[in-house]
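Laboratory data are not the source of any read-out in this text; all were calculated from the coordinates shown. Every value quoted in this text rests on a predicted model; they were computed, and no experiment measured them. Neighbour counts are summed over all protein chains in view; Cβ atoms, including those assigned to glycine, are modelled from backbone coordinates with ideal geometry.
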Amino acid sequence: MEGYDLIGDVHGCGATLASLLERLGYHQRGGVYRHPRRKVIFLGDLIDRGPRIRLAVTIARRMVEAGEAHIVMGNHEYNALAYCHRAPADMGRDWLREHTPRHNRIIKETLEQYRDHPQEWEEALAWFMDIPLFLELDGLRVVHACWDPALIDELRREHPDGRIDEDFLAASVVPGTREFRILDRLTRGTHVPLPEGVAIHSGDGFTRRSFRAHFWAHHPRTWGDVVFQPDNLPGDLERRVLTEEERARLSYYGPDEPPLFIGHYWCEGIPALPAGNIACLDYSAVKFGRLVAYRWSGESRLDANHFVWIRVPREEEARPQPWEIDFD
């Protein structure tokens, strides 16, 4: 095998995913995209927001189950599991992830597209439970949002393959638990709260009261040293000095560590490497950005020339064969 093609957050852009796979040299045989010398690694967040969610999940699931791909869990797969699992009686609520207006909005398109296919949705949820939180294989590492060595080692002690179970899922929705810390850091990364009364009004329509921080600055001093998202910090907050408490909460991934691939951070523009051994592959596909892959062939220092991408059209149209998959 020559290597792996790592693909960022699809978010229901199933038609564009099929086009990207074809550009990478994968072709459908027996309902599965295959390459004679390479395999895919999906970075999670297959679902939510986009117009072809069932197609995206089906393409990825069939590839994984056929041994043509690997995948790690994204926060949106995790959210769906918690949203659709009943809470234990002593938790004081009906669902692990409460059905608030905000949570309802995030998963709305997914539930609508599976509404007439309930059995398929149940099978998708069962498959989500089997997706590991991280991968470490053949000289590379993969996690959806943040590689935190201490938390990954903690997870490995009881779950060596990175796969969670029902008890872990239930405990993970309770702030302060070990399970919460692991799920939150690996699938969502580190968030730094904004000052009281300050908010970011994002392009996706959500108002956020924290910002996403990256984890490869060795000696960060200010908020601007660690902010990692397309939304600018309001006012002069990039110059704000990190407190000792904020610095202590940050993870760190050094330049001598193996190549690491992440998604999650909805970058914009032409794909670039934030560090010599780190590639973020989430380029806001569902916001008409780019669905991005990185063609990795064993190199220890990554090369921006290995990015491959497709611009996502304003309307993902249903296309004819050969790529369209027959669901039923």
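Miscellaneous remarks
- Segment GLU166-ASN305, length gained on full extension (0.36 nm per residue, minus Cα span): 45.9 nm
- CD proxy at 222 nm, helix term only [per DSSP H run n ≥ 4: -39500 (n - 2.57); per residue of the chain; nearest 500]: -8500 deg cm²/dmol
- Take every DSSP beta bridge whose two residues both sit in the chain; close to 70 percent of them are antiparallel.
- Annotation for region 47-116: trypsin sites (Lys or Arg not before Pro) lying in DSSP loop with at most 13 further Cβ atoms inside 10 Å of their Cβ are ARG93, ARG115.
- Between the residues VAL192, TRP216, SER202, the greatest Cα displacement towards the positive end of the dipole of region 184-223, with unit charges on the Cβ of Lys, Arg, Asp and Glu, is found for TRP216.
- Segment VAL174..THR243, full-extension length gain: 22.3 nm, with 0.36 nm per residue of separation and the alpha-carbon distance subtracted.
- ALA150 versus GLU196: modelled label distance in nm, points set 7 Å from Cα along the beta carbon direction: 2.9 nm
- Projecting the Cα atoms of ALA293, ALA69, ASN232 onto the dipole axis of the chain, where Lys and Arg carry +1 and Asp and Glu carry -1 at the beta carbon, places ASN232 farthest toward the positive end.
- A quarter of the convex hull surface defined by the alpha-carbon atoms of the chain gives 17.0 nm² as the mean projection.
- Distance between the modelled labels on ASP138 and HIS218, one decimal in nanometres: 3.1 nm (7 Å Cα→Cβ projection).
- This model, with +1 at the C-beta of Lys and Arg and -1 at the C-beta of Asp and Glu, gives the chain a dipole about its Cα centre of some 660 debye.
- Dipole check for region 156-269: with +1 at the C-beta of Lys and Arg, -1 at the C-beta of Asp and Glu, and the Cα centre as origin, the magnitude is about 180 Debye.
- The Rg/Rh ratio for region 1-137, using Cα coordinates for both the radius of gyration and the Kirkwood hydrodynamic radius, is 1.00.
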